[in-house]
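The values are calculated or read from the model by the stated rules, or taken from the named source; none is laboratory data. It should be emphasised that the depicted structure is a prediction, and the values quoted were computed from it without experimental measurement. Methodologically, a virtual Cβ is constructed for each residue, glycine included, from the backbone with ideal geometry; neighbour enumeration extends over all protein chains shown. Protein only, heavy atoms only, side chains kept; ligands, DNA and RNA dropped before computing areas. Shrake-Rupley method; radii C 1.70, N 1.55, O 1.52, S 1.80 Å.
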Amino acid sequence: MELNERQEKILEIVKKYGPITGEKIADLLCVTRAALRPDLAVLTMSGFLEAKPRVGYTFKTEAVDNEIKRLLNQYRVGDVQSMPVVLKESCSIYDAIVTLFVQDTGTIFIIDHHNFLSGVVSRKDFLKTTLGQADIHKMPVSVIMTRMPNIVTTTMDETVVEAVKKIVEQEIDSLPVVKCHIDQEGEERLEVTGKLTKTNIARLFLDLASRHNERG
Ligand code: ADP
């Protein structure tokens, strides 16, 4: 649920000074008690605040859970994504491994000759290949990649929470951020526009934690 600016301010005040009366909240916000009534009603009815007679407003503990959920669900993949590392299917496994080191990435997205997503290669795929007898200078990366349609993807406007669920459930490190195009045959083709990795998520986590410390 979306809260307006004043409702957010009321929550901050109650968290800091609660239990606190409606009059005192109104004073702190420089508004009349009557002007505040609708906002206080919304916050009480939606479970953020508890109104106790002769005591005032307190912050409900379940409200903390609601607030965490609300805060996390505000973030979209587009807010935290990073630049993808992309190579052509014809690139050799050797060159792809060099790219992995030079670009300091764990996963490379592979594109076909129309520049649409066709595969994903990760560290384990490379390790598996180098255990065998393959000529990694000659063999193209397309031979070892995980192929479409088995690639799990996300989009810029998906919530970070939904995307993290995919990463956890599929036990993978990253998702290509894609934009869907329809080709002449009416088939869906995916353009890679970014990547969402466990590092992006760890950064967001740290960012939220430090923001919380600043407030608290
Ligand atoms: P690592 O190899 O570094 O452990 P992952 O856990 O991400 O990295 O990869 C494990 C396997 O999953 C690899 O075979 C890889 O090709 C595949 N994979 C990686 N990302 C995806 C994805 N987004 N969709 C489908 N398969 C993936």
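Using C-alpha pairs under 8 Å with a sequence gap of at least 6, the mean separation divided by the residue count of the stretch 5-61 gives a relative contact order of 42 percent.
Of the peptides 144-150, 89-95, the order by per-residue mean of other Cβ atoms within 10 Å, starting with the highest, comes out as 89-95, 144-150.
Note on the chain: Kirkwood hydrodynamic radius from all Cα pairs is 20.8 Å, rounded to one decimal. Taking a straight Cα-Cα cut-off under 22 Å and skipping sequence neighbours fewer than 8 places away in the same chain, the lysines within cross-link reach of residue 52 are 9, 15, 16, 24, 60.
The residues of the chain present an accessible area of 62 Å² per residue when probed at 1.4 Å with all protein chains retained.
Quick one: in the stretch 77-204, what % of C-alpha pairs are over 26 Å apart? Tail of P(r) above 26 Å: 21 percent of Cα pairs. A dipole drawn for the chain from +1 and -1 charges on Cβ atoms has a positive end, and of 114, 1, 170 the residue lying farthest that way is 1.
Within the listed set 64, 80, 160, the Gaussian network model of the chain (springs between alpha-carbon atoms below 10 Å) gives the highest mean-square fluctuation for 64.
Restricting attention to the stretch 77-204, the count of lysine pairs at 8 or more positions apart or across chains with alpha carbons under 23 Å apart stands at 20. The portion of the accessible surface of the chain made up by carbon and sulfur, rounded to a whole percent, is 54 (1.4 Å probe; DNA, RNA and ligands excluded). Which whole-number percent is the relative contact order of the stretch 1-103 (Cα, under 8 Å, 6+ apart)? Relative CO of the stretch 1-103 lands at 23 percent. Highest average first, the peptides 73-79, 99-105 ordered by how many other beta carbon atoms sit within 10 Å of their residues are 73-79, 99-105. Only helices enter this figure: runs of n ≥ 4 DSSP H residues, each worth -39500 (n - 2.57), summed and divided by the residues of the chain, yield -14000 deg cm²/dmol at 222 nm to the nearest 500.
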